[in-house]
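> Below you will find the structure I want to go over with you.
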């Protein structure tokens, strides 16, 4: 006869008697005492966390001499069948995946967790708790009013106009047009407008790049279907095609200038408030570039790094520390490499001094890549690995050549392959990293630079910003500072349209 756990847990005793064929009862057996559930704890209080893999982990420690051999852990979501797992000692972790939760680990979703330690012959007192899937506070969703769709290989770009609380984002459409939307501060439903007509770029998409040199010099570029680089400029009187005079015409607006594989790849670097450098990958894996100064215009095109340096599907990332300019890319064999100029403003620039960041097979050529400056002597580079995780490397510049160390930030299979990474330094020695998870959700983690070297395994707090089945598999993921207190993140949603999140500090 089954006996309910709730009844058995109160102790008591059982007696048994049999019945013969005439339903006469035999003498009752000696009483059998039901073991009462031990009220003393067998484990520490369980704690739950949300991981970079998009799973909920429940952890505890075993209390010695209590004799527990296992723990039954059950996760329950309202309206769903509970999920139960048995963890045997000495293991101390129960993991519940996004798939087990039917993709219901949504931002802020509350789940119930029950832990029951088990000793031989005994089930201890159940411990019940609740856990909410973490999400960021002070965050507002951004949606466009009837936005045109984003082309499959487009890499979006954005810029914030200096001296204003306004930003603009650009993307390519399946018709080969360039669309844009302007975001005044605190306005989260802006209108879109066509920036360049259909067939400007390939209908599969183009990498876009932009820079705001100052309030009267903003530039946007795209790669055409022929591999030429074209764009528009804003000199304070609205956007228009570049001029045709000396220093005004684009010297890189020629066919076969840039690779068009996977939409091509290019990026720009700001040189103080008076210039910029545009970089791109060509069909032979060289890093081409061209420098522009407000006083003299465009200079001649030349190679910053030689042919064979970059995979033709790599992303590019640049940054400057003082007067030194840095560029990083993924090589054809999956290494993270780059180069630097000690003075990017000098009269003549040749090939960059080469930098090796991570060895062969470290990076996925079609994955995300980005970088930020940590301080005056330190750079952090982030990339997607072939195992679909995110790694970070720190590069230190001193009296000796570059030295660096590498650490994992997320676990294997935490990232949806072929998607981008966005990074922003929220405060001193800390940054936020955004990526698209395997469940097509948008996740964020906070990283403390001062603790990375002592954290060989990923254990950073993770936030579910946008739930499962919300994002497209694309490298269009970008972060843009709008003001001193506002940062916006943009991605392509499941419908193929531009969407975003605005963070206030």
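> Restricting attention to the range 277-298, report how many residues are surrounded by fewer than 18 Cβ atoms within 10 Å (Cβ to Cβ) and in a loop (DSSP other than H, G, I, E, B).
Going through the range 277-298 one residue at a time, the tally reaches 5.
> Quick one: would you say residue 353 is surrounded by 21 or more Cβ atoms within 10 Å (Cβ to Cβ), in contact (Cβ under 8 Å) with a residue 12 or more places away in the chain and either in the same structural domain as residue 328 (by TED's automatic domain parsing) or closer than 18 Å to residue 423 by Cα (or both)?
no
> Consider residue 475 against the criteria (1) touching a helix residue (DSSP H, G or I) at 6+ places or on another chain (Cβ under 9 Å); (2) surrounded by fewer than 21 Cβ atoms within 10 Å (Cβ to Cβ): it satisfies all of them except one. Which criterion is unmet?
Answer for residue 475: the failing condition is (2).
> Are any residues in the range 229-250 in a strand (DSSP E or B) and surrounded by fewer than 14 Cβ atoms within 10 Å (Cβ to Cβ), and if so, which ones?
Within the range 229-250, just 240 meets the criteria.
> Looking at the structure I just gave you, is residue 315 modelled with pLDDT of 95 or more and buried (at least 19 other Cβ atoms within 10 Å of the Cβ)?
yes
> Which of the strands (runs of 3 or more DSSP E) contained wholly in the range 134-221 include at least 1 residues that are under 22 Å from residue 281 (Cα atoms)?
Hits in the range 134-221: 157-160, 166-172, 178-184, 208-214.
> With the requirement that a residue be surrounded by 15 or more Cβ atoms within 10 Å (Cβ to Cβ) and outside any strand (DSSP E or B), what does the range 73-96 give you?
Once the filter is applied, which keeps residues that are surrounded by 15 or more Cβ atoms within 10 Å (Cβ to Cβ) and outside any strand (DSSP E or B), the range 73-96 yields 77, 89, 92.
The rows are residues; the columns are (1) under 20 Å from residue 149 (Cβ atoms); (2) under 12 Å from the mean Cα position of the chain (by Cα); (3) assigned to a loop (DSSP other than H, G, I, E, B); (4) not assigned by TED's automatic domain parsing to the domain that holds residue 160.
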position	(1), (2), (3), (4)
468	no, no, yes, no
479	no, yes, no, no
483	no, no, yes, no
492	yes, no, no, no
496	yes, no, yes, no
499	yes, no, no, no
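> Collect the residues in the range 206-228 that are touching a helix residue (DSSP H, G or I) at 6+ places or on another chain (Cβ under 9 Å) and farther than 12 Å from residue 170 by Cα, keeping them in residue-number order.
Within the range 206-228, just 223 meets the criteria.
> Right, here's the next one. Considering every residue within the range 390-401, establish whether at least one is more than 15 Å from the chain's Cα centre (by Cα), buried (at least 22 other Cβ atoms within 10 Å of the Cβ) and in contact (Cβ under 8 Å) with a residue 40 or more places away in the chain.
Scanning the range 390-401, I find at least one residue that is more than 15 Å from the chain's Cα centre (by Cα), buried (at least 22 other Cβ atoms within 10 Å of the Cβ) and in contact (Cβ under 8 Å) with a residue 40 or more places away in the chain, so the answer is yes.
Residue-by-condition table, conditions (1) over 22 Å from the mean Cα position of the chain (by Cα); (2) more than 23 Å from residue 264 (Cβ to Cβ):
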| site | (1), (2) |
| --- | --- |
| 150 | no, no |
| 157 | no, no |
| 167 | no, yes |
| 193 | yes, yes |
| 202 | yes, no |
| 207 | no, no |
| 225 | yes, no |
| 230 | yes, no |
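> OK, next. Could you figure out which of (1) part of a loop (DSSP other than H, G, I, E, B); (2) more than 24 Å from residue 177 (Cβ to Cβ) isn't true of residue 257?
Of the numbered conditions (1) part of a loop (DSSP other than H, G, I, E, B); (2) more than 24 Å from residue 177 (Cβ to Cβ), the odd one out for residue 257 is (2).
> Looking at the structure I just gave you, is residue 505 surrounded by 15 or more Cβ atoms within 10 Å (Cβ to Cβ) and either free of Cβ contacts under 8 Å to residues at least 40 places away in the same chain or over 23 Å from residue 407 (Cβ atoms) (or both)?
no
> Residue by residue through the range 175-204, note down the ones that are at pLDDT 95 or above and on the phi > 0 side of the Ramachandran plot.
The answer is 176, 199.
> Now, a different point. Mind listing whichever residues of the range 55-72 are assigned to a loop (DSSP other than H, G, I, E, B) and within 30 Å of the chain's Cα centre (by Cα)?
55, 60
> Moving on to the next point. Those residues that are under 26 Å from residue 155 (Cα atoms) and assigned to a loop (DSSP other than H, G, I, E, B), I need them from the range 326-343; list them, please.
The answer is 331, 332, 333, 334, 335.
> It is to be established whether one or more residues within the range 357-365 are more than 25 Å from residue 312 (Cα to Cα), under 16 Å from the mean Cα position of the chain (by Cα), assigned by TED's automatic domain parsing to the domain that holds residue 314 and part of a loop (DSSP other than H, G, I, E, B).
Checked the range 357-365: no residue is more than 25 Å from residue 312 (Cα to Cα), under 16 Å from the mean Cα position of the chain (by Cα), assigned by TED's automatic domain parsing to the domain that holds residue 314 and part of a loop (DSSP other than H, G, I, E, B).
The values are calculated or read from the model by the stated rules, or taken from the named source; none is laboratory data. What you see is a predicted model; the values in this text were computed from it and never measured. When we count neighbours, we look across all protein chains shown, and the Cβ atoms used for this are built from the backbone with ideal geometry, even at glycine.
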